[in-house]
1. Under 7 Å between Cβ atoms, at least 6 apart or on separate chains: pull out the pairs that start in region 1-23 with a residue that is closer than 27 Å to LYS57 by Cα and end on any residue that is small (Gly, Ala, Ser) and assigned to a loop (DSSP other than H, G, I, E, B).
2. Could you identify the single residue in PRO161, PRO188, PRO128 that is exposed (fewer than 14 other Cβ atoms within 10 Å of the Cβ), in contact with a Phe, Trp or Tyr (Cβ under 9 Å, 6 or more places away or on another chain) and either under 20 Å from ARG15 (Cβ atoms) or not hydroxyl-bearing (Ser, Thr, Tyr) (or both)?
3. If we keep just the residues of region 69-85 that are in contact with a helix residue (DSSP H, G or I) (Cβ under 6 Å, 6 or more places away or on another chain) and either more than 27 Å from PRO19 (Cβ to Cβ) or without any contact (Cβ under 8 Å) to a residue 12 or more places away in the chain (or both), which is surrounded by the fewest Cβ atoms within 10 Å (Cβ to Cβ)?
4. So ALA135 fits all but one of (1) outside any helix (DSSP H, G or I); (2) at pLDDT 95 or above; (3) among the small types (Gly, Ala, Ser); what number is the exception?
5. For region 30-109, list the helices (runs of 4 or more DSSP H) that sit wholly inside it and hold at least 2 residues that are of a type outside the set (Ser, Thr, Tyr), modelled with pLDDT under 95 and in contact with a Ser or Thr (Cβ under 8 Å, 6 or more places away or on another chain); which are they?
6. Looking only at region 15-50, count every residue that is of a type outside the set (D, E, K, R), within 21 Å of ASP147 (Cα to Cα) and surrounded by 15 or more Cβ atoms within 10 Å (Cβ to Cβ) and tell me the total.
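The values are calculated or read from the model by the stated rules, or taken from the named source; none is laboratory data. Bear in mind the structure is a predicted one, so any value in this text is a computation, not a measurement. So basically every Cβ, Gly included, is an ideal-geometry build from the backbone, and we count neighbours across all protein chains shown.
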Amino acid sequence: MLTTRDAISRRRSIRKFKPDPIPQNHLTQILEAARLAPSGCNAQPWRFKVVTDQQTKEALAQAAFNQAFIARAPAVIVCCADIQGYLDGTSSAIQDLGEIGALEDRVIHILEKRLAHARTIDIDQLGPTIAFNVAIAIEHMVLRALDFDLGTCWVRLLDGPLVNELFNWKDTMYTVALLPIGYPAEDPAPRKRRSLDEILL
């Protein structure tokens, strides 16, 4: 049985995929892993679009500065942050956290002030600010995919406005990353990692 430690050790960035389609049930379970991810104030700002048709995959590859391997994956998950909830105040569950005793009133007050400030920030700044929540959910998917022998690759180099234009999304939808996913047609060696001594402060 694959442990979390095994999954972390086995994960590689895969850029060569077999053409085999991914069973819908497997994609659903991978997205379910993202749904269960933690987020600041339980805002859950992540939104996902699963793309399997070739024409749209090719358009996504172009929006990612012509990274052709993206279009060769059986599926691409477009991972976004929905900023609208931060602007209209509907994304936060701070009060819920207070009611169950997870947060003290003092901390709730601080968080509410910060959320109020977030509503005054320009959209171009707000997207990257809340993207870390989506990043947690993406990594949940990356690790869960290994349970089905699927490989993935984080793609952050992309033109967000061009992705929005492709799907006719409002500018309050911020694309955090593309996640090509499929059965690996390569087995990359592990890349060098810094030692614990180098990363501990």
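1. Cβ pairs passing all conditions: LYS16/ALA185; PHE17/ALA73; PHE17/ALA185; LYS18/ALA185.
2. Values: PRO161 fails: in contact with a Phe, Trp or Tyr (Cβ under 9 Å, 6 or more places away or on another chain); PRO188 fails: in contact with a Phe, Trp or Tyr (Cβ under 9 Å, 6 or more places away or on another chain).
Answer to the check: PRO128.
3. ILE83
4. (1)
5. Qualifying helices (runs of 4 or more DSSP H): 84-88.
6. Here is the first cut: in region 15-50, the ones of a type outside the set (D, E, K, R) are 17, 19, 21-31, 33-34, 36-46, 48, 50.
Within this subset, residues satisfying the condition of being within 21 Å of ASP147 (Cα to Cα) are 17, 19, 21-31, 33-34, 36-38, 48, 50.
Next, only the ones that are surrounded by 15 or more Cβ atoms within 10 Å (Cβ to Cβ) stay: 17, 22, 26-27, 29-31, 33-34, 37, 48, 50.
Total satisfying the criteria: 12.
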